[in-house]
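Here it is, the structure, as C-alpha cells.
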Amino acid sequence: MRPTFSGFEIVKSGIQSAQVGLDVTGKNVANMGAEGYSRQVVDQKAIYYSSSTYKYAPVGSQRLGQGVTVDQIVQIRDKFLDIRFRAANSEYAEFAKKTEVLEHINDILDETTADGLGVLLEELFERLQALSTNSGKIEFASLVRSSAQKITETVQFYYNKLEEISALEKENLETITLVNLNKYLDEIAKLNKTIQNEELVGNTPNDLYDARNLLLDKVSKYLKIEVGEYPDDSPYKGALSVKCGNIMLVDPAQSDPVTLSLREEDGKLKIYAGDEELDLITGEIKGTLDILNGEGSFAEVEEFKGIPYYLKSLDSFAVKFAEVFNSLNGGDALFVGTGAKDFAISDGWLADANYLKVTTEGNQDSGKNDNVLRMIHALEQKHEITEKFVGSLSEFVLILMSDAAIDKNYYTDRASAADTVVSAIDNQRESVKGVSLNEETVNMIKYQRAFEASARVMTALDEMLDIIINRMGIVGR
Amino acid sequence: MRLTNNIISKNYLKSLNKSLNELSQMNTLIAAKRKYMNFADDPINAMRAMKVRQNINKIDVYVENLREAADIFSQYESVISNVNNIVSDALVQVSQGMNGTSDATARYTIAQSLRAFQDAILAAVNTQFAGKYIFSGETVGVPPFSISEEEDTKGMLLYKGMLVDNISEVTEKRYIDIGLGLSLDEYSNVIPNTARDIAVTGLELLGCGVDEDGYTKNLYNMLGIIAKKFEENDMSGMDVYYEKLQKIADNVRVQYVGVGEKTEYINFFLERLDSEQFNLKVKQSRLEGLDLAEAITTFGELELAYNACLQIGTKILQPSLLDFLD
C-alpha cells in the first residue's frame, strides 16, 4: 500500500533541495572574488528505501524510493595542487626577497649611471698624475688630498648605507614577518580545534577549510612547510599539522603552537622554534637570513654574498688602502682607521696638504716626483686585498660592484622563473576551485527549473487528491 | 582547462602590467640613449664597458702628461735656439778678437760682450716655465745654475752648488707616466723603459766636466776664460781655446737636433694614444650606446602592444551566460 501523502514528501524534498542548490549557487557567486574561496557543490542523492531494514517499509512493487536528499555541500579543491603551490611559493619568496635587497645593494654600489668609489679612484689617479708633473706645488697636493678625502667618505657612506639596509631588514624580520607568522600559526591551531569540533557534530565546515588553507598559503611564503593530515580513526581527525624541517610548528597534540623567535648566535642570526633552531630550507625568511648572514668568500665554506660580505670587503679595502699609502709616506700616516667605518685621512694630512711626501730624497719643494710615481704605481699594482683576492684597488671595487650585479641578475631571473611556476600552479588551482560564472548561471537555471518542475508535480498531486476527496463518489448528486 | 573569470582577469592584469613595464623600460633607455641602466641588467657588457671607461680616462691622463712634456720641450727648444744664436755670435766675436788687427781696447770691448753673453746664457738656463725650472733636471723646484763666489773659483758656473767642471756625467731622471706600464725595481725606483724621462739639465746643453786635455767643456766657463784672456790681451794658446769653443758650439747644435727628436717621439705617442682613444670610444658606444633607430622601432611595437592589450581588456572581462538571460 502506498501512503496517501508519500508523493507530497517526495516532491517537498525536491523543492527543498532545489532551494539549497540555488542557495549554494548564490553563495558561489557572492564569493567569486573572495581570496581563498573554493567553489562548493551540492551533493544530492536519491533516498533509497530498503524494505529489509525498515520495519514499516512498503514491500514489493512500491519500492520506488522517497525523493532526494542533500547529502552534503562539498568544496572542490585539489590537495596535491596545494602542496605544489606552497612549495613553489616558498621558493619564489626566497628569490624575490634576495632580488629586492640586492637591488638596494646595487643602488649603492652601481656606478653605471652614477659616480662612486671606482670613479673616485680614477680621479685620485688623475690627480696624482697631475701632481707628478707639478710636484712640490701645494695646489696640486691639495687636489690629491681632497680626492683621498672623498674616497674615505665614500667608503664610510657605503658602509653606513649597507648597515642601514641590514638593520631595516632585521627589524622587518623581527617586528613584521615573525609577528605575522606567529599570528598565522596561532590562527591555524585555533581553526584546527574549531574544525575538529564541527566535524564531530557532523558538519562540513567548508569555509573554515578555506580560511585554514589561505593561512597555510601565507605561511608558505615565509617558510617551506609540510602539511600533515590525520586518518579517520585518529583522535586528531580534521586537524592539520604544520612542519618545517623536523620541527612541528603546529601540532594538534599540543595545546599551543610553538613561537618563532630571532636569536643571534656567534654573530649569526637564527630562527628558533621554542628552544630548537629551525632548519629553513627556503622561503622569505631564509632569503632574509642569507642576506643578513651571508659572508660570501669570507666564510670557511663559500656562501651567499649577503650584506656582511660587502661590509667585510669594504673593511679589507680600507685597511689595504691605508696600509699601502701609509707605508709609502715614510712613517707619517696619511690614513687612519681600523676599518671602513672610521676610515679617514689623518689629522696631519688634513692640516697640511704637503704632508704627502712627493719625494723620499731631501726637500719636498725641490720638485722631485719619485714618491708620487710610487703612489701611482701602488694604485695600479696588484695587492692581496683579501685572502682570496689579489688585484688592484680599482679592480677590487669593480669586482664588488659586479658581485652585487651578477647576483641581482641571477636572482631576478630565478625569481621570475619561480613566479611563472607559481602563476601556472595557481592557475591550475584556480581552474579547479574557482567559481565560473557560466557554470553558476547554468546551475541557477537548472535549480530554478527543478524547483518549477517539483512545484508542478505538487500541483498535479494536489489535483489528484482533489479528485479523490471532492469529486469521487458523488455520482448522481 | 576549466577557465574561470578570475583566471582570465588575473592573467590579463599580469600581461597588462608586463606590457606597461616593458614600455616604461624602453622609454627610460631611449631617454638615456643607453643599452642598459643598471650593471645588473647586463653584467658582462657592463663590466666590459666599465673597463673601457677606465682605460679612456687613463688615456686622457697620459695625453695630459704628454702635452705637458711637449710644452716643456717646446720651451726647451726656444731656449736652445737662443743659446745657439749666442754661441754663433760669440764665435764671430772671438775670431775677430783673435785677429792681429785688433788692439787691446777692441779686445776689451769684445771681452765685455762675451761677459754679456755669459749673463744671457745664465738667464736662459735658469728659465722658469709654468713655475718650473725646466733645466733643473729632477729638481724642477730649485734654480739650477749659479755663479761661484769662492776665492779660487770665482766666476765659475755652479750646478746646484757644484762646479760644473767637476761634474763628469748627468744621471738625473724625472719620469712621467705615459701608459708604458709603469713599474718599479727592487729598490722602488722606476724602471726606465716603463715611463718617459723628461728630465732636462742645462748641463747637457752647456756641457760639463773637462776634456782629455784638461780644458773645460762648459760654454759658460769657456766664454769666461776667453773673456779673461781678452781683457788681459793675452793671445797665447788662443787657437786651442777657439777650437774648443767650436766643439762646444757643435754640441749645442747637436742638442738642438736632439730636442726635435724628443718632440717628435711625443707627437708620435700622442697620435698613438689618440687612435687608441678613438677605438675605445667606438667600443664603448657599441657596449653602452643604444641604436636609436632600432630602439624607437621597438618602442613603437611595445606601444602598439600595450594599446592593443588595453583595448582587449574592455572586451575580455565582460560577457558571461548571465548577460544573455531574459
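The values are calculated or read from the model by the stated rules, or taken from the named source; none is laboratory data. On a predicted model such as this, the values are computed, not experimentally measured, just so you know. Here the Cβ is made from the backbone with ideal geometry for all residues, glycine too, and neighbour counts use every protein chain on show.
Find all pairs meeting these conditions: Cβ atoms under 7 angstrom apart; at least six residues apart or on different chains; first residue within the stretch A:260-288 and free of Cβ contacts under 8 Å to residues at least 24 places away in the same chain and within 20 Å of A:Ser90 (Cβ to Cβ); second residue part of a strand (DSSP E or B) and hydroxyl-bearing (Ser, Thr, Tyr).
Every condition considered, the pairs that remain are A:Tyr272/A:Ser261.
I'm checking my understanding of the structure. Among residues of the stretch A:344-370 that are loosely packed, with under 15 Cβ neighbours inside 10 Å and modelled with pLDDT under 90, which one is nearest to the chain's Cα centre (by Cα)?
So, considering only residues that are loosely packed, with under 15 Cβ neighbours inside 10 Å and modelled with pLDDT under 90, the one nearest to the chain's Cα centre (by Cα) is A:Thr360.
Condition check ((1) at the interface with chain A (Cβ under 10 Å from one of its Cβ atoms); (2) within 24 Å of the chain's Cα centre (by Cα); (3) of a type in the set (S, T, N, Q)) across all residues:
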position	(1), (2), (3)
B:Val61	yes, yes, no
B:Phe73	no, yes, no
B:Thr105	no, no, yes
B:Ala111	no, no, no
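Conditions (1) surrounded by 21 or more Cβ atoms within 10 Å (Cβ to Cβ); (2) closer than 19 Å to A:Ile73 by Cβ, marked per residue:
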position	(1), (2)
A:Asn197	no, yes
A:Gly202	no, yes
A:Tyr209	no, yes
A:Asn213	yes, yes
A:Val219	yes, no
A:Leu223	yes, no
A:Val227	no, no
A:Pro231	no, no
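Just checking, how many residues over the stretch B:35-87 are modelled with pLDDT of 90 or more and of a type in the set (Phe, Trp, Tyr)?
3
Name every residue in the stretch A:99-116 that is surrounded by 19 or more Cβ atoms within 10 Å (Cβ to Cβ), within 23 Å of A:Val422 (Cβ to Cβ) and either more than 12 Å from every other protein chain (Cβ to nearest Cβ) or of a type in the set (S, T, N, Q) (or both), in order of residue number.
A:Thr99, A:Val101
Among the residues of the stretch A:344-382, write down those that are away from chain B (no Cβ under 14 Å) and either aliphatic (A, V, I, L, M) or under 15 Å from A:Arg127 (Cα atoms) (or both).
A:Ala344, A:Ile345, A:Leu350, A:Ala351, A:Ala353, A:Leu356
Within the stretch B:42-79, restricting attention to residues that are touching a Leu at 6+ places or on another chain (Cβ under 6 Å) and β-branched (Val, Ile, Thr), which residue is nearest to B:Ile248 (Cα to Cα)?
Top of the filtered list is B:Val63.
For the stretch A:131-152, what are the residues that are assigned to a helix (DSSP H, G or I), closer than 17 Å to B:Gly137 by Cα and in contact with a Phe, Trp or Tyr (Cβ under 6 Å, 6 or more places away or on another chain)?
A:Leu131
Also, I was wondering about something else. Which count do you get for residues in the stretch B:29-54 that are among the basic types (Lys, Arg) and within 10 Å of chain A (Cβ to nearest Cβ)?
Summing the residues that are among the basic types (Lys, Arg) and within 10 Å of chain A (Cβ to nearest Cβ) in the stretch B:29-54 gives 3.
Let me spell it out: the conditions are (1) within 15 Å of A:Thr112 (Cα to Cα); (2) within 8 Å of chain A (Cβ to nearest Cβ), and B:Asn65 meets all of them except one. Which number is the exception?
B:Asn65 satisfies all of (1) within 15 Å of A:Thr112 (Cα to Cα); (2) within 8 Å of chain A (Cβ to nearest Cβ) except (1).
Considering B:Ile191, B:Ile178, B:Ile167, which residue is of a type in the set (A, V, I, L, M) and at pLDDT 90 or above?
Answer to the check: B:Ile191.
Looking only at the stretch A:124-145, count how many residues are more than 9 Å from chain B (Cβ to nearest Cβ), free of Cβ contacts under 8 Å to residues at least 40 places away in the same chain and touching a Lys or Arg at 6+ places or on another chain (Cβ under 8 Å).
2
Now for a separate question. Applying the selection to the stretch A:386-445, what residues are of a type in the set (Asp, Glu) and either facing chain B (nearest Cβ under 10 Å) or closer than 30 Å to A:Leu121 by Cα (or both)?
Of everything in the stretch A:386-445, those that are of a type in the set (Asp, Glu) and either facing chain B (nearest Cβ under 10 Å) or closer than 30 Å to A:Leu121 by Cα (or both) turn out to be A:Glu387, A:Glu395, A:Asp403, A:Asp407, A:Asp419, A:Asp426, A:Glu430, A:Glu439, A:Glu440.
Which condition from (1) within 14 Å of chain B (Cβ to nearest Cβ); (2) in a loop (DSSP other than H, G, I, E, B); (3) surrounded by fewer than 19 Cβ atoms within 10 Å (Cβ to Cβ) is the one that A:Lys341 breaks?
Of the numbered conditions (1) within 14 Å of chain B (Cβ to nearest Cβ); (2) in a loop (DSSP other than H, G, I, E, B); (3) surrounded by fewer than 19 Cβ atoms within 10 Å (Cβ to Cβ), the odd one out for A:Lys341 is (1).
Can you tell which of A:Lys170, A:Lys161 is among the basic types (Lys, Arg), closer than 21 Å to A:His104 by Cα, at pLDDT 95 or above and crowded, with 18+ Cβ neighbours inside 10 Å?
A:Lys170
Here is a follow-up. Going by what's in this entry, would A:Thr360 be described as among the polar types (S, T, N, Q), over 30 Å from A:His104 (Cβ atoms) and not in a helix (DSSP H, G or I)?
So A:Thr360 fits the description; yes.
Table: residues versus (1) assigned to a helix (DSSP H, G or I); (2) of a type in the set (A, V, I, L, M); (3) over 33 Å from the mean Cα position of the chain (by Cα).
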{"site": "A:Val101", "(1), (2), (3)": "yes, yes, no"}
{"site": "A:Glu111", "(1), (2), (3)": "no, no, no"}
{"site": "A:Leu128", "(1), (2), (3)": "yes, yes, yes"}
{"site": "A:Val155", "(1), (2), (3)": "yes, yes, no"}
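What is the one condition in (1) among the small types (Gly, Ala, Ser); (2) part of a strand (DSSP E or B); (3) touching a Ser or Thr at 6+ places or on another chain (Cβ under 9 Å) that A:Ser241 does not satisfy?
(3) is the only condition that A:Ser241 fails.
Could you say whether any residue in the stretch B:158-173 is more than 22 Å from B:Glu204 (Cα to Cα) and more than 22 Å from the chain's Cα centre (by Cα)?
no
Does B:Asp152 satisfy being of a type in the set (Asp, Glu) and more than 9 Å from every other protein chain (Cβ to nearest Cβ)?
Yes; evaluated as a whole, the condition is true for this residue.
Residue by residue through the stretch A:371-394, note down the ones that are without any contact (Cβ under 8 Å) to a residue 12 or more places away in the chain, over 44 Å from the mean Cα position of the chain (by Cα) and not in a loop (DSSP other than H, G, I, E, B).
Listed by number, the list holds a single entry, A:His377.
Separate question: For the stretch B:211-326, which helices (runs of 4 or more DSSP H) that fit wholly inside it have 3 or more residues that are polar (S, T, N, Q) and closer than 30 Å to B:Leu13 by Cα?
B:292-316
So which of B:Arg107, B:Arg67 ends up being buried (at least 16 other Cβ atoms within 10 Å of the Cβ), assigned to a helix (DSSP H, G or I) and of a type in the set (Lys, Arg)? Give the derivation first.
Details: B:Arg67 fails: buried (at least 16 other Cβ atoms within 10 Å of the Cβ).
None of the others qualify; the one that does is B:Arg107.
Now, a different point. Within the stretch B:290-311, does at least one residue satisfy the condition of being within 14 Å of another protein chain (Cβ to nearest Cβ), at pLDDT 90 or above, surrounded by 12 or more Cβ atoms within 10 Å (Cβ to Cβ) and farther than 30 Å from B:Asn5 by Cβ? If you could, list the steps in order and put the result at the bottom.
Of the stretch B:290-311, the ones within 14 Å of another protein chain (Cβ to nearest Cβ) are B:290.
Okay, now just the ones that are also at pLDDT 90 or above, so B:290.
This time we only want the ones that are surrounded by 12 or more Cβ atoms within 10 Å (Cβ to Cβ), so: B:290.
With the extra rule that they be farther than 30 Å from B:Asn5 by Cβ, the set shrinks to B:290.
Scanning the stretch B:290-311 turns up at least one residue that is within 14 Å of another protein chain (Cβ to nearest Cβ), at pLDDT 90 or above, surrounded by 12 or more Cβ atoms within 10 Å (Cβ to Cβ) and farther than 30 Å from B:Asn5 by Cβ.
Listed residues B:Lys33, B:Lys14; which is farther than 30 Å from A:Leu120 by Cβ, surrounded by fewer than 19 Cβ atoms within 10 Å (Cβ to Cβ) and of a type in the set (Lys, Arg)?
On inspection, the qualifying residue turns out to be B:Lys14.
Among the candidates B:Gly209, B:Gly181, B:Gly214, B:Gly237, single out the residue that is small (Gly, Ala, Ser), within 14 Å of chain A (Cβ to nearest Cβ) and surrounded by fewer than 23 Cβ atoms within 10 Å (Cβ to Cβ).
B:Gly181
Output the qualifying pairs, or none if there are none: Cβ atoms under 9 angstrom, residues six or more apart or on different chains, first residue in the stretch A:300-322 and within 19 Å of A:Leu117 (Cα to Cα), second residue part of a strand (DSSP E or B) and aliphatic (A, V, I, L, M).
Within 9 Å, the pairs are A:Ser313/A:Ile385; A:Ser316/A:Ile385; A:Phe317/A:Ile385; A:Val319/A:Ile385; A:Lys320/A:Ile385; A:Phe321/A:Ile385; A:Ala322/A:Val336.
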